[in-house]
1. Every residue in the range 374-383 that is touching a strand residue (DSSP E or B) at 6+ places or on another chain (Cβ under 7 Å) and surrounded by fewer than 21 Cβ atoms within 10 Å (Cβ to Cβ), please.
2. Quick check on residue 305: is it at positive phi, at pLDDT 95 or above and either touching a helix residue (DSSP H, G or I) at 6+ places or on another chain (Cβ under 9 Å) or crowded, with 20+ Cβ neighbours inside 10 Å (or both)?
3. Cβ-Cβ under 7 Å, sequence separation 6+ or interchain: first residue in the range 196-207 and on the phi > 0 side of the Ramachandran plot, partner surrounded by fewer than 23 Cβ atoms within 10 Å (Cβ to Cβ) and at pLDDT 95 or above. Which pairs?
4. What number of residues in the range 408-425 are part of a loop (DSSP other than H, G, I, E, B) and out of contact with any helix residue (DSSP H, G or I) (no Cβ under 8 Å at 6 or more places or on another chain)?
5. Report the residue count in the range 384-399 for those that are over 16 Å from residue 349 (Cα atoms) and buried (at least 19 other Cβ atoms within 10 Å of the Cβ).
6. Which is in contact (Cβ under 8 Å) with a residue 40 or more places away in the chain and surrounded by fewer than 24 Cβ atoms within 10 Å (Cβ to Cβ), of 247, 338, 322, 265?
7. Return the residues of the range 162-181 that are in contact (Cβ under 8 Å) with a residue 24 or more places away in the chain and either in contact with a strand residue (DSSP E or B) (Cβ under 6 Å, 6 or more places away or on another chain) or outside any loop (DSSP other than H, G, I, E, B) (or both); say none if nothing qualifies.
8. Test residue 271 against the criterion of being surrounded by fewer than 24 Cβ atoms within 10 Å (Cβ to Cβ) and either in the same structural domain as residue 411 (by TED's automatic domain parsing) or part of a helix (DSSP H, G or I) (or both), and give yes or no.
């Protein structure tokens, strides 16, 4: 469908000004042009539609500003045998996402305007949704030499060395001081490499019972503690990536109470699983690892009380051969874009741990506010028609063979999840539609 055509989405539960209201939403030329509450003006939204308009009955469905994932790996340029901008963005659309932020562990690494341009050109050519890159914090993500943040800032969502924590405290302090001047976020992969001890899963029950080398929780929270301290000193906007431990949750909760400019994310898999659920398969191996039952409960509470701002997938595709070598030898990383909504809905909403209103914040509007994107306050006339239709109805068995992503490794494989993405619209065009 052309973005110039008119579309009317009727009878949806529309996210507007922090709540869901029953309303009709009209879209023209890629922009939301009208929002009519159903109770106050039934059918009024149809009066001025052209005969060619498409009318969608979304009764019982939730209409949100498009979901946003602040943490994905699309592997291009450099590793397109794992994923491409094209396949990754199609997977994102199937997961309800209209904006994703790509991490910089690429070749070439986006550590200069010239290297960043390589990625931007592929995005312009191949992406079916909005794809915004991160630039690196340090040259080649090696943790030593700072990059030109001012030159890179206009084309990126922020700065990250994801996959590697910046080990040197003084380097991180100088980086935060300079990044603070740009107004962008520093997205920190918090990991003390000296504490890893060649581990590859959580240092907990499963590791001890099955003779695996464990990764201690301190390797994460110790660097979270350090980076919060530096952010407090420099007033940098710190965003802590993929938190997985109860100590990280508490450190961030306390920092927010002191007024530190810190936000954070966790992934759906950390909310669903604990290390007691592990199997001897590469699809359960990611970094940070799935932690203990106590860590999972702390993360769930952190999501419920607002300490955790964002659900981000850390979508990290690898080839089948890289993920078929068991827990010890498989590559770190799992895919998550196409299961994210159903996983969070099943794990958190259905049991009553959070509401659909909270899910809307966690998967859409909080990230929009952090990144300075449109529609952080919800759907209203004048905002871009980047929209997601979600349904809590029905269940399905996760089958990675159906994924748009080239990566198939997921801990959710074979599980029954509730809810689904009905359709995704980007710039007024349907980029995914399955249930309308």
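The values are calculated or read from the model by the stated rules, or taken from the named source; none is laboratory data. Predicted model, so just to flag it, every value in this text is computed and none were measured. Methodologically, a virtual Cβ is constructed for each residue, glycine included, from the backbone with ideal geometry; neighbour enumeration extends over all protein chains shown.
1. 374, 380, 381, 382, 383
2. no
3. From residues that are on the phi > 0 side of the Ramachandran plot, the pairs are 197/213; 198/213.
4. Count: 2.
5. 6
6. Just a single option satisfies the conditions, and that option is 322.
7. 169, 171, 172, 173, 174, 175, 176, 177, 178, 179, 180, 181
8. Yes; evaluated as a whole, the condition is true for this residue.
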